[in-house]
Amino acid sequence: MEEIAISKFKATCFAVLEKVKKTGQPILVTRFGHTVVQITPPAPAKPAPKFGTAIGSLTIHGDIVGPITDISDWEAARDPDEEK
């Protein structure tokens with residue numbers, strides 16, 4: 001595993017992080033020969049499934065297709081000539 005002094009890491013931080021990202025190899029940052037931190041690449045993200053994620057978590061109550069009120073209550077169903 002590669003080691004780098006903390007002073008050099010401070011000066012080249014972004015380059016070191018990019019190297020870890022590209023190579024996937026961890027790097028130890030040391031101070032006076034003692035490990036301060038180990039920089040490792042992140043674990044690959046596990047993609048969430050797009051379909052089927054809500055299976056079993058929803059329940060349907062009543063009619064989900066029909067209107068919830070009588071059609072005569074709808075403003076769009078009223079005759080515009082009646083209001084005049």
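Rule-based calculations on the coordinates, nothing more; no lab input. This structure is a prediction, so every number in the text was calculated from the model and none was measured. Methodologically, a virtual Cβ is constructed for each residue, glycine included, from the backbone with ideal geometry; neighbour enumeration extends over all protein chains shown.
Within segment 67-84, the set of residues being part of a loop (DSSP other than H, G, I, E, B) and surrounded by fewer than 10 Cβ atoms within 10 Å (Cβ to Cβ) comprises Ile68, Thr69, Asp70, Glu75, Ala76, Asp79, Pro80, Asp81, Glu82, Glu83, Lys84. For the condition on the phi < 0 side of the Ramachandran plot, in contact (Cβ under 8 Å) with a residue 12 or more places away in the chain and charged (D, E, K, R), Lys50 does not qualify.
Under the condition of being part of a loop (DSSP other than H, G, I, E, B) and β-branched (Val, Ile, Thr), which residue from segment 38-66 is farthest from Phe14 (Cα to Cα)? Going through the qualifying residues, I end up with Val65. Filtered by the rule that a residue be surrounded by 10 or more Cβ atoms within 10 Å (Cβ to Cβ) and touching a helix residue (DSSP H, G or I) at 6+ places or on another chain (Cβ under 9 Å), segment 25-66 gives Gln25, Pro26, Ile27, Val29, Thr30, Arg31, Val36, Val37, Ile39, Thr40, Pro41.
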